[in-house]
Amino acid sequence: MRLHRLAASAYFAVALGAVVLGLVIGSATPAWLVTMWYPPGAAVEEAPLLPVLGGLLLLGLVNAWMFWEVLSRPAPAGMPMGRAAAWLRVLLYADVVWLLIPSFLPDLVETVISLALWVPALVLLTVVVNGSGRFFRLALLLFGLVEPVRAVMDALADDPQPLIFVTPLQRAMEIMVTVVAAFVMMVMVLLAQRRDGRWSRGTLLVGVGTFASAFLVDLVDALTRSGTIESIAEAMDVLYLVWLARTARELNREPRRAAPLRVPTAVTAVAAVALLMVVGPEYAPRLTYTWRGEEGMDCRLSWAPPRVADIPVHERDRAYLCSVSKPDREVSDQELIGKGKAACARFADGQPVRARPALLALLCPEVIGRRHPELLLSSAQVERQRAEERSRLREQLRREAREEDARCRDPWPALRTRFQATASYYDWDGQPYGIHDAEADTSRDAERIWDAYQAESLAVSGQLALVFTPAQDWATCVTAKALRSAPPPLTRRGWDKVVEADIVSGSGRLVMQTLSASRVRFPDLARGGPGRYRLRLYTRPGVDLILVYPARR
């Protein structure tokens, strides 16, 4: 038994077995996988079982016939094949294989591969066929290129929505032109094959069947549910594969010598017009550059105009138009540029202008730069200047903090310990400074303090203590001392407030946050390791004294 018979018989046997198995288990999934070659959807499982299996059995029979045709040996050589015919056969068989293999590639990649196989085959077909005049072949080629060109344009389009200037009627006309062009192309191919004489009547009938398949699919769709219509549509697609395979197989038969088949020049003109209708103009029609992406221009709505030094010279007019165009006003490019140039002239004469100098710098940088040289700086230069300014401010703050630290003195010098520090703290925005456990998450403690805060100078929750200094225009000298035991009582004379509270250290480390820009670092205030500590705060205008020692157990 030859390969094509064996493959067709084996496939139909498997398909028939899958249909029988589907009847037994009450599911169309096995037969669907064998015949459709991809998993069924939910709609297939919900459809009546018998119509779906009937359609799949028909598809299995059609697929078996397709394997018979595709794997059949070429016809006996009636004449030597030329190079063009040999390459045409290779491309046609490659197209059949590509259509048979399930693909999971991106749409753009699939489109490119399909066109790379079909377009050269179409060109070679117009070269190989005999009995067709030059204008007939040209018209065939033009009609055949309409659908590939539209496929490429759709695949490469960034925005799937129609352009703003393309109405739904125009879009429908484009689709209709593509469909009609494909229909005319197939008719002309079949006429050329019949005129050539090397293709059999069966091949031509299969080609004609590709037209009838669309009407048959619509008829079945009106009479059945989705599971059946999908299988019938797949069966109709097989006709195209068989036509490709038979066209390739019979290429080496001897053509018939006859008078050339001619086509009126008007048909060639119609084919060229159809191709131009699909391609469209080189650029979409527009009145002005705008920020709307669907018009194809690279304009982005921004609150600040672009810096002229960051834009190439040949792009500055476009940047200006993108910045001054209004989405609700249709003003031409020339009018906008003309108004900008006129504003530049008035600006050069010292007259008042309504346009922002930063925008006019895009049109006349040499004029604007005389009075606003900063507008000609690039973004990198501006950022460098800002970084230098920030560095200067930080250095100034550090210098002022060091001067403030030098003015601060220990308010209780008699109570000395190695674990103490004094630094200045400036209450810039009414925020407190704090003492907290070094390894604890004190976010919840902070929330509880702020929720219950009632203008006390000391607020404590868990492992966090916040010290609120009164609003003032001078720095506060903060002294913190860590002790191993409770300090002796200190007279309250000279202090406005003396408050105490307990704070917990789970890690055995209590730290004070860095105060403003001061370089003074406070020591660990937990001298007794993990546990509860007593925190005593003495405060008066400009001076805070904090004593931290283990609480009594």
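The values are calculated or read from the model by the stated rules, or taken from the named source; none is laboratory data. These numbers come from a predicted model, not from an experiment. Cβ atoms come from the backbone with ideal geometry, glycine included; neighbour counts cover every protein chain shown. Accessible surface is based on the protein model in full, side chains and every heavy atom, while ligands, DNA and RNA are left aside. Shrake-Rupley method; radii C 1.70, N 1.55, O 1.52, S 1.80 Å.
At-a-glance table
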read-out: Order by protection proxy (mean Cβ within 10 Å, highest first), peptides 130-140, 374-384, 5-15; value: 130-140, 5-15, 374-384
read-out: Lysines with Cα under 26 Å of residue 326, excluding same-chain neighbours fewer than 8 positions away; value: 339, 341
read-out: 25 Å Cα-Cα reach of residue 497 towards lysines, excluding residues that sit fewer than 8 places from it in its own chain; value: 481
read-out: Length released on extending from residue 16 to residue 183, taking residue separation times 0.36 nm less the Cα-Cα span; value: 56.6 nm
read-out: Accessible-area value, residue 391, 1.4 Å probe, nucleic acids and ligands omitted, Å²; value: 50 Å²
read-out: R0 of 51 Å, Cβ-Cβ distance residue 24-residue 134: FRET efficiency to nearest 0.05; value: 0.25
read-out: Gained length - residue 450 relative to residue 551, 0.36 nm times residue gap less alpha-carbon distance; value: 33.9 nm
read-out: Label-to-label distance, nm, for residues given as residue 309 and residue 509 (7 Å Cα→Cβ offset); value: 4.5 nm
read-out: Area accessible to solvent at residue 147, 1.4 Å probe radius, in Å²; value: 100 Å²
